[in-house]
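Single-structure report; data block below.
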Amino acid sequence: MKISALRADVARHPAPLLALPVLQGDTQDAAFVSLDEAMGGQLAALLARGDLRGTFGETVVVFPAAGTTGAKRVLLVGVGKGADLTPERLRRAAGSAAKQAAKSRAASLAFALPASAVPARDAARAVAEGLVLGAYDFREWKSEDPAAPARVALDEAVLLLPEGADQGESAEGARVGEIVARAENLARTLGNLPGNVATPTYLAETAERIAGETGMSVTILGPEEMRAERMDALLAVAQGSAQEPRLIVLEHRGGAEGEKPLVLVGKGLTFDAGGISIKPAQGMEDMKFDMCGGAGTLGAMQAIAELGLPINVVGIVPSSENLLGSKAMKPGDIVRGRGGKTIEIVNTDAEGRLILVDAISYASRFEPAAMLDAATLTGACVIALGHAATGVMGNDQALLDEVVAAGEATGERCWPLPMFDDYREQIKSDYADIKNSGGRPAGTITAAWFLREFVGEWPWVHLDVAGTAYGDGKISYLSKGSTGVPTRIFVEWVMARAARREASAPA
């Protein structure tokens, strides 16, 4: 989508659709006043009748009389009180605008940014993200109805700036927002694809394409290379499937040579039947989403490279299926993780942590400055936090604070869970160094403890995205299915780290 930022008369700017955020209790916003005057007081009348109040999430479509405005239709989007206005509220308003554009079959729109305390760059970025995310439509496997009107894709948007907003900063914010949202849409598509398409090989091919387009280096490990690396945990998960596993490594070298990189690891379990500890049949089709941590990692690496961030970043995706073939791992089996510890398999459906620990151990060769991993790891996280927040746990409080801040900035909120030493007791094994499940109590935390056993000394945070990686699409800029989480969290964290590094560099 082409997104530009300019100053123009909101009432006169030509557009098939104009989106106008409405602040609750504030009729003095310059864009609102200008448009209301052009429309002969039609907007004020809506307020007076109570048809429009400006409450957060409210939408009303009005049609100006011919010749009164440059817009053919106007979408009024409530964003709440001015004091409560945040980038996330603007992002959701833009999502509503994109959805309305689809209904109106509008290929372009204008979005009037309100005057607010939100910095121009942040406001423009949030709106750009909301527009690109809201315009996403996964229809690759649907047949078109020849009798229905042809769909029109939203491919252009103009951000109309309020008085005093810096046009350069706004344009830069829009550029960043478009890149980041497009990367998250990539992750959404990978998550939405069926498991017979988005196989480990397909993810590896996607990584190779991204690397070719952005100049990153890529390394793909297959079964032979994994055996050489002693990735027995990852191989154990994959051995029940005809699909070969892959370990995908993307490297963005934007920082100084030799500088320790940030590492992102994402679980790429492309379908999870649970193995011998088979899952219930109802809802099993959603287990195609078990690779969303890996999809988010690939999306994040694409955005990091396209943005040219001046920092070294490595993205690692361990990918396999977890099925029930005659060679599938069994409860009671013992395997050795790449890090050297032996693992008793007490539940073959606790497989994501097995493929992750070999990837986490592999990351040690890069001597990470810090590492994040993301996985749809435990149903227990959904019970604890529902679908509103990602659970985060780690070994470094400062890094946890950074991840929570990244979640707040992107609207993909995170919530810390404790990792008291007591929880480690639940994964002790009578027969091996450790077992792969601590049972139902505190299942999210004991899963994180399992990962921690293989982390090493570097700062590390685990994101359990089981409740946030896919959903029902009730947020305006989302749709049913994959959300793209944790793409934007990862990118935001890396951007913040890069900014801190530049700020601290000698003049």
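The values are calculated or read from the model by the stated rules, or taken from the named source; none is laboratory data. Because the structure is a prediction, the values reported are computed rather than measured. Cβ: placed from backbone, ideal geometry, glycine included. Neighbour counts: every protein chain shown.
Mind counting the residues in the stretch 1-54 that are among the polar types (S, T, N, Q) and either without any contact (Cβ under 8 Å) to a residue 12 or more places away in the chain or within 12 Å of F111 (Cβ to Cβ) (or both)?
Here the count works out to 2.
Please tell me if G299 is part of a helix (DSSP H, G or I) and surrounded by 24 or more Cβ atoms within 10 Å (Cβ to Cβ).
yes
Looking at (1) of a type outside the set (A, V, I, L, M, F, W, C); (2) surrounded by 18 or more Cβ atoms within 10 Å (Cβ to Cβ); (3) under 22 Å from E251 (Cα atoms), can you tell me which one R365 breaks?
Going through (1) of a type outside the set (A, V, I, L, M, F, W, C); (2) surrounded by 18 or more Cβ atoms within 10 Å (Cβ to Cβ); (3) under 22 Å from E251 (Cα atoms) one by one, R365 breaks only (2).
In the stretch 214-231, which residues are of a type outside the set (S, T, Y) and either surrounded by 20 or more Cβ atoms within 10 Å (Cβ to Cβ) or free of Cβ contacts under 8 Å to residues at least 60 places away in the same chain (or both)? Walk me through how you get there before you give the answer.
Just the residues of the stretch 214-231 that are of a type outside the set (S, T, Y), to begin with: 215-216, 218, 220-231.
Across the stretch 214-231, the qualifying residues are M216, V218, I220, L221, G222, P223, E224, E225, M226, R227, A228, M231.
When you look at I434, is it modelled with pLDDT of 95 or more, more than 24 Å from the chain's Cα centre (by Cα), surrounded by fewer than 22 Cβ atoms within 10 Å (Cβ to Cβ) and outside the structural domain of A94 (by TED's automatic domain parsing), yes or no?
Details: modelled with pLDDT of 95 or more: yes; more than 24 Å from the chain's Cα centre (by Cα): yes; surrounded by fewer than 22 Cβ atoms within 10 Å (Cβ to Cβ): yes; outside the structural domain of A94 (by TED's automatic domain parsing): yes.
In short, yes.
Can you tell me how many residues in the stretch 302-313 are at negative phi and either more than 22 Å from the chain's Cα centre (by Cα) or in a loop (DSSP other than H, G, I, E, B) (or both)?
Matching residues across the stretch 302-313 total 3.
Restricting attention to the stretch 64-108, and to residues there that are surrounded by 17 or more Cβ atoms within 10 Å (Cβ to Cβ) and of a type in the set (D, E, K, R), which single residue is nearest to A124 (Cα to Cα)?
If we take residues in the stretch 64-108 being surrounded by 17 or more Cβ atoms within 10 Å (Cβ to Cβ) and of a type in the set (D, E, K, R), then R91 is nearest to A124 (Cα to Cα).
Given the condition surrounded by fewer than 24 Cβ atoms within 10 Å (Cβ to Cβ) and of a type outside the set (A, V, I, L, M, F, W, C), answer yes or no: does some residue in the stretch 315-323 qualify? Can you show your working first?
Taking the stretch 315-323 first, the residues surrounded by fewer than 24 Cβ atoms within 10 Å (Cβ to Cβ) are 323.
In the following step, the residues that additionally are of a type outside the set (A, V, I, L, M, F, W, C) were identified as none.
No, the stretch 315-323 contains no residue that is surrounded by fewer than 24 Cβ atoms within 10 Å (Cβ to Cβ) and of a type outside the set (A, V, I, L, M, F, W, C).
Per-residue answers, yes or no, for (1) within 23 Å of I316 (Cβ to Cβ); (2) assigned to a helix (DSSP H, G or I); (3) within 15 Å of the chain's Cα centre (by Cα):
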{"residue": "G438", "(1), (2), (3)": "no, no, no"}
{"residue": "P441", "(1), (2), (3)": "no, no, no"}
{"residue": "F450", "(1), (2), (3)": "yes, yes, no"}
{"residue": "V461", "(1), (2), (3)": "yes, no, no"}
{"residue": "T468", "(1), (2), (3)": "yes, no, yes"}
{"residue": "G484", "(1), (2), (3)": "yes, no, yes"}
{"residue": "V491", "(1), (2), (3)": "yes, yes, yes"}
{"residue": "A498", "(1), (2), (3)": "yes, yes, no"}
{"residue": "P506", "(1), (2), (3)": "no, no, no"}
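For a quick check of your reading of the model, give me the residue pairs whose first member lies in the stretch 89-116 and is on the phi > 0 side of the Ramachandran plot, whose second is among the β-branched types (V, I, T), with beta-carbon atoms closer than 7 Å and at least 6 apart or on different chains.
Partner pairs satisfying both residue conditions: R105/V152.
Look through E251, E244, E257 and report the one residue that is of a type in the set (D, E), surrounded by 16 or more Cβ atoms within 10 Å (Cβ to Cβ) and over 24 Å from R488 (Cα atoms). Walk me through it before giving the result.
On the way: E251 fails: over 24 Å from R488 (Cα atoms); E257 fails: surrounded by 16 or more Cβ atoms within 10 Å (Cβ to Cβ).
The unique qualifying residue is E244.
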